[in-house]
Amino acid sequence: MNLGKLNEKCPKCGSKDKTLRRQLDREHRAFGTTQSFECSDCGYVFKKPEDEKEKEKED
């Protein structure tokens, strides 16, 4: 996801506040994978792990 997407309004409620949930690597805390990217107010999901898996299959 690029930085431009971070400023997008939520299509459901119009809020710009978002929450990023990540799964941190147990051995190296600085590395992790994105679990979900969602609206902080209504919970609309912008990105989820399944989206990444589908993208990898297409490549």
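The values are calculated or read from the model by the stated rules, or taken from the named source; none is laboratory data. Values in this document were obtained by computation on a predicted structure and should not be read as measured data. Using ideal geometry, Cβ is built from the backbone for each residue, glycine included, and neighbour counts are taken over all protein chains shown.
Candidates are the residues of the stretch 1-23 that are hydrophobic (A, V, I, L, M, F, W, C) and either in a helix (DSSP H, G or I) or over 15 Å from residue 43 (Cα atoms) (or both); the one that is modelled with the lowest pLDDT is 1.
So which residues in the stretch 33-59 are assigned to a strand (DSSP E or B), farther than 13 Å from residue 18 by Cα and modelled with pLDDT under 75?
Result: 33, 34.
For the stretch 18-46, give me the residue count where each residue is hydroxyl-bearing (Ser, Thr, Tyr) and either touching a Cys at 6+ places or on another chain (Cβ under 7 Å) or more than 24 Å from residue 7 (Cα to Cα) (or both). Total meeting the criteria: 1.
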